[in-house]
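What follows is a set of notes on a single structure, which appears directly below.
The values are calculated or read from the model by the stated rules, or taken from the named source; none is laboratory data. What you are looking at is a predicted structure, and each value in this text was computed from that prediction instead of being measured. Cβ: placed from backbone, ideal geometry, glycine included. Neighbour counts: every protein chain shown.
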Amino acid sequence: MAKNTSGRGQRDLKVKVKTARGRKLSSTRWLQRQLNDPYVKRAQADGYRGRAAYKILELDDKYRFLVPGARVVDLGCAPGGWLQVAIKRINALGEKQGKAQGRIIGVDLQEVEPVPGAEIHQLDFMSDGADDLVKGWLGGKADVVMSDMAAASSGHKQTDHLRIISLCEAAAYFAFDVLEEGGTFVAKVLAGGAEGDLQKILKQKFSKVANVKPPASRSDSSEKFVVATGYRG
Ligand SMILES: C[S@@+](CC[C@H](N)C(=O)[O-])C[C@H]1O[C@@H](n2cnc3c(N)ncnc32)[C@H](O)[C@@H]1O
């Protein structure tokens, strides 16, 4: 049955995946969702490493923090979709003549295939001294700290929620140390209650704090993003 799911006026065939022997039902569901996800198809067509790229594109379209010349730290950067978007927008390759050239440092637990224009480091950001290492690589202030860090799902909603909040808190405290006045902090959180304290601190430190669910974030996920702009220093 043809179904228009792309939002780009194309007619896409809905792919049904049969449960194969040896494949868990959850994997079959994941595969079916991937095959029918318009953002996955767009990412392939646009050359992005993953559908996550559209989340930062949509957030930046709204809040405009990835400007030419910006110094950016991307925490949890694998496989590199956010890096690809940011590199273009901050002019990290110096392609936009007459515009300032930006710089981006990416950090992830996993190895990341190089992305021209980004400095990528394999590091557990929650390990002792990790923040000092990143500060050393940065060698000064940043205009944007963004974190899409997420631990692999434990299958227990509350545990996953607490884990993501601690990743988000670690990113926020790092941002407080390195952000330039007026800078922006963007991080993935999960709706679920325990993020209240972090919100309070962010509201003291930034002139505006918004909680956003970009269209590219799956509606069945409790993921949302906090975008804090105007760091007070
Ligand atoms: C949703 S993915 C990020 C996708 C990325 N924004 C992109 O556009 O390709 C989350 C990433 O967070 C990373 N991560 C989770 N915990 C981390 C930690 N403690 N330190 C560094 N990276 C971490 C994972 O390895 C994973 O690659």
Restricting region 203-220 to residues that are exposed (fewer than 15 other Cβ atoms within 10 Å of the Cβ) and under 15 Å from the mean Cα position of the chain (by Cα), which is nearest to residue 157 (Cα to Cα)?
218
Only one of 89, 51 is part of a loop (DSSP other than H, G, I, E, B) and of a type in the set (Lys, Arg); which?
51
Is it fair to say residue 124 is within 14 Å of the ligand (Cβ to nearest atom) and either of a type outside the set (S, T, N, Q) or within 21 Å of residue 185 (Cβ to Cβ) (or both)?
yes
Restricting attention to region 87-121, report how many residues are free of Cβ contacts under 8 Å to residues at least 40 places away in the same chain, within 13 Å of the ligand (Cβ to nearest atom) and within 19 Å of residue 141 (Cβ to Cβ).
5
Of all residues being within 13 Å of the ligand (Cβ to nearest atom) and of a type outside the set (A, V, I, L, M, F, W, C) in region 155-202, which is nearest to the chain's Cα centre (by Cα)? Just the residue, please.
188
Number of the exception - residue 26 against (1) modelled with pLDDT under 95; (2) away from the ligand (no atom under 14 Å from the Cβ); (3) hydroxyl-bearing (Ser, Thr, Tyr); (4) surrounded by 13 or more Cβ atoms within 10 Å (Cβ to Cβ):
(4)
Quick check on my filter: what residues within region 31-48 are out of contact with any Lys or Arg (no Cβ under 7 Å at 6 or more places or on another chain) and not in a helix (DSSP H, G or I)?
47, 48
Yes/no for residue 83 being in the same structural domain as residue 152 (by TED's automatic domain parsing), in a helix (DSSP H, G or I) and within 15 Å of the ligand (Cβ to nearest atom):
yes
